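These notes concern the structure reproduced below.
The values are calculated or read from the model by the stated rules, or taken from the named source; none is laboratory data. Source: prediction; values computed, not measured. Positions of Cβ are backbone-derived with ideal geometry, glycine not excepted, and every protein chain shown enters the neighbour counts.
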Amino acid sequence: MAIPKVLGIETEYGVAGGPQNDPIAASGLLVSSYAHVGGRFINWDFRDEAPGSDLRGTTLLTSIAPLVETHLANAVLANGSRFYVDHAHPEYSSPEVRTPRQAVLYDLAGEEILRRAMLGANRETYSGDAVVVYKNNSDGKGNSYGCHENYLVRRDIEFTDIVKCLVPHFVTRQVMVGSGKVGWETDSASSRRPVFQVSQRAEFFEEVVGLETTLKRPIINTRDEPHGDHERFRRLHVIVGDANSSQVATFLKLGTTGLLLALLEDVGIATLPPLPVDPVRAIHTFAMDTSLTSVEEFTDGKMYSALDIQEWLWRSVNSYLSTHSGDAVAPRSEIDEIMSYWRSVLDGLRSDVSSMSSLVEWVAKKNLISSYAQRHALAWDDVRLKAIDLQFHDLRPEKNLAARMGFTEMFNQGEIERAVNEPPEQTRAYFRGRCVSQYGDSVVSANWDSLVFGLKNGELHRVPMMDPMRGTAELTRELLDRCNSAEELITALGM
């Protein structure tokens with residue numbers, strides 16, 4: 001039986017300017033400036049961090065675990081999220097949410113938090129250019145940074161079945177949810193030299209399965225950190241997607257993947273498409289063909305386009321939903337919304353790619369840049385086109401081109417404002433966010449599955465939260481409303 005697909009998004013933002021034009025210093029300035037007004041400097045508890053733990057059970061000698069940096073700026077926010085410096089990037093890790101629609105909302109809250117952080121950082125006095133933040137995935141010089149998705153899955157699901165379920169999806173979903181990019185940056189693309197790609201990230205992937213996130217990037221990442229009960233849960237850590245400005249693209253990215261995982265847990269892989277013969281080549285091929293006509297060989301001996309595979313996946317999920325509620329992913333009304341958008345995008349891309357600009361991000365970007373290139377008689381390698389590409393993702397409101405594309409909006413500004421300040425109510429993020437707001441001076445450290453409180457008598461108390469579906473508003477609102485201090489809370493919890 002499918003378990004709730006608790007999910008979230010970790011976004012590493014591009015950054016420029018700041019003190020001495022140092023990205024680490026700029027990222028730290030962003031976090032610190034926001035923490036003074038929108039969050040708290042709370043130590044991140046790295047005790048349960050295990051980036052070298054591998055879902056396959058053993059780590060291959062060629063695998064390289066991601067580096068954990070414990071000394072950089074970190075803030076835990078009132079909405080249950082984490083805002084910190086990851087390598088040379090500011091990263092916003094959204095709170096755990098219960099549905100794809102909520103994930104979109106808290107991703108938008110992250111954008112607003114970065115805008116406010118940028119304003120705060122640029123009020124500081126330092127030597128250097130103003131800090132500018134970009135919601136994109138590469139710097140145009142061969143360096144890529146991630147937008148990672150996380151999904152709760154059952155521990156007893158075979159890892160090989162996860163691979164069989166998701167590889168066909170991950171190599172093809174980019175035609176619906178890619179954010180697009182001018183040109184190419186890697187050796188893998190050098191023989192094709194595409195003038196425009198549907199995905200910013202796809203060309204950087206070199207392996208099918210692996211532990212790495214920055215080198216030899218795999219389509220299926222095997223990091224085994226459930227951030228919960230190791231006996232019951234896995235957290236599927238997905239690194240293959242683009243950061244999106246289109247709300248519908250984010251919704252589809254998370255909704256389609258969540259539905260496929262629920263299908264896997266409920267009925268298995270029998271109705272799903274075969275694997276590509278060469279998944280790495282396939283993800284590159286589909287990224288570099290904006291006509292969407294390229295085909296790749298799959299293990300059934302047949303040739304399929306990315307749209308063919310997405311059509312197969314839609315039919316499989318639609319059949320699954322005829323006998324199952326899908327409530328592990330979302331309420332039925334939201335499931336219907338996911339399926340409707342999925343259907344509309346596939347039909348639109350089949351009939352007229354350019355007509356999909358209000359829903360499909362790469363199409364909107366390509367239409368914009370193509371029009372500019374034609375108007376000014378520019379070749380696709382003209383640096384002005386790459387400048388437009390970058391400005392598309394510029395979070396400064398007066399510069400941001402994505403905001404002018406007419407993307408379908410799912411949330412209004414008032415809803416986003418609330419998500420900046422308030423945690424989601426249907427997961428343990430509610431308890432974390434409320435505790436940070438109410439008892440922040442007493443919170444010594446935090447991570448996803450626990451909080452450590454320091455009481456006035458000097459005692460430390462760890463409150464574990466090993467089930468993401470506990471700590472909800474339904475279970476803890478009354479408790480938190482009546483406890484005016486951390487001491488009262490610990491006493492009420494019987495600790």
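Among the residues that make up the range 382-402, is at least one of them more than 23 Å from VAL132 (Cβ to Cβ) and not acidic (Asp, Glu)?
Initially, the range 382-402 is screened for residues more than 23 Å from VAL132 (Cβ to Cβ), giving none.
No: zero hits.
Only residues that are in contact with a Leu (Cβ under 6 Å, 6 or more places away or on another chain) and either among the aromatic types (Phe, Trp, Tyr) or part of a helix (DSSP H, G or I) (or both): list them for the range 312-341, please. Let's see the steps before the verdict.
Let us first name the residues in the range 312-341 that are in contact with a Leu (Cβ under 6 Å, 6 or more places away or on another chain), namely 316-317, 320, 329, 341.
Result: SER316, VAL317, TYR320, TYR341.
What's the number of the only condition in (1) assigned to a helix (DSSP H, G or I); (2) of a type in the set (Phe, Trp, Tyr); (3) more than 23 Å from the chain's Cα centre (by Cα) that TRP380 fails to meet?
Evaluating TRP380 over (1) assigned to a helix (DSSP H, G or I); (2) of a type in the set (Phe, Trp, Tyr); (3) more than 23 Å from the chain's Cα centre (by Cα) leaves (1) as the failure.
Specify which of the listed residues (ALA270, ALA287) is assigned by TED's automatic domain parsing to the domain that holds LYS399, hydrophobic (A, V, I, L, M, F, W, C) and either without any contact (Cβ under 8 Å) to a residue 40 or more places away in the chain or more than 22 Å from CYS147 (Cβ to Cβ) (or both).
ALA270
All but one of (1) out of contact with any helix residue (DSSP H, G or I) (no Cβ under 9 Å at 6 or more places or on another chain); (2) part of a helix (DSSP H, G or I) hold for LEU307; which doesn't?
(1)
Scan the range 455-463 and give yes if some residue there is surrounded by fewer than 18 Cβ atoms within 10 Å (Cβ to Cβ) and in contact with a His (Cβ under 8 Å, 6 or more places away or on another chain), otherwise no.
Yes, the range 455-463 contains at least one residue that is surrounded by fewer than 18 Cβ atoms within 10 Å (Cβ to Cβ) and in contact with a His (Cβ under 8 Å, 6 or more places away or on another chain).
Test ALA402 against the criterion of being among the small types (Gly, Ala, Ser) and either modelled with pLDDT under 95 or out of contact with any Ser or Thr (no Cβ under 7 Å at 6 or more places or on another chain) (or both), and give yes or no. Please lay out each step first, then the result.
Working: among the small types (Gly, Ala, Ser): yes; either modelled with pLDDT under 95 or out of contact with any Ser or Thr (no Cβ under 7 Å at 6 or more places or on another chain) (or both): no.
So ALA402 fails the test.
Checking SER371 against (1) under 27 Å from the mean Cα position of the chain (by Cα); (2) farther than 27 Å from PHE251 by Cα; (3) hydroxyl-bearing (Ser, Thr, Tyr): exactly one of these is not met. Which one?
Only one criterion in (1) under 27 Å from the mean Cα position of the chain (by Cα); (2) farther than 27 Å from PHE251 by Cα; (3) hydroxyl-bearing (Ser, Thr, Tyr) is unmet by SER371, namely (1).
Does PRO279 meet the test of being touching a Gly at 6+ places or on another chain (Cβ under 7 Å) and closer than 30 Å to ILE3 by Cβ? Lay out the reasoning, then the answer.
Numbers: touching a Gly at 6+ places or on another chain (Cβ under 7 Å): no; closer than 30 Å to ILE3 by Cβ: yes.
For PRO279, the condition - touching a Gly at 6+ places or on another chain (Cβ under 7 Å) and closer than 30 Å to ILE3 by Cβ - is not met.
Mind checking which pairs have a first residue in the range 308-323 that is within 16 Å of TYR341 (Cα to Cα) and a second that is basic (Lys, Arg) and not in a helix (DSSP H, G or I), Cβ under 7 Å, 6 or more apart or different chains?
GLN310/ARG173
Going through THR222, THR257 one at a time, which residue ends up being among the hydroxyl-bearing types (Ser, Thr, Tyr), in contact with a strand residue (DSSP E or B) (Cβ under 7 Å, 6 or more places away or on another chain) and surrounded by 24 or more Cβ atoms within 10 Å (Cβ to Cβ)?
Details: THR222 fails: surrounded by 24 or more Cβ atoms within 10 Å (Cβ to Cβ).
After ruling out the rest, the residue left standing is THR257.
Taking VAL329 as meeting all but one of (1) more than 27 Å from ASP139 (Cα to Cα); (2) loosely packed, with under 14 Cβ neighbours inside 10 Å, write down the number of the exception.
Evaluating VAL329 over (1) more than 27 Å from ASP139 (Cα to Cα); (2) loosely packed, with under 14 Cβ neighbours inside 10 Å leaves (2) as the failure.
Which pairs turn up if I take residues in the range 330-347 that are under 12 Å from LEU259 (Cα atoms) and assigned by TED's automatic domain parsing to the domain that holds THR250 and look for partners that are surrounded by 13 or more Cβ atoms within 10 Å (Cβ to Cβ) and charged (D, E, K, R) with beta carbon separation below 9 Å, at least 6 apart in sequence or on another chain?
So the pair list comes out as ALA330/LYS5; ALA330/ARG98; ALA330/ARG101; ALA330/GLU337; GLU334/ARG101; ILE335/ASP327; ILE338/ARG101.
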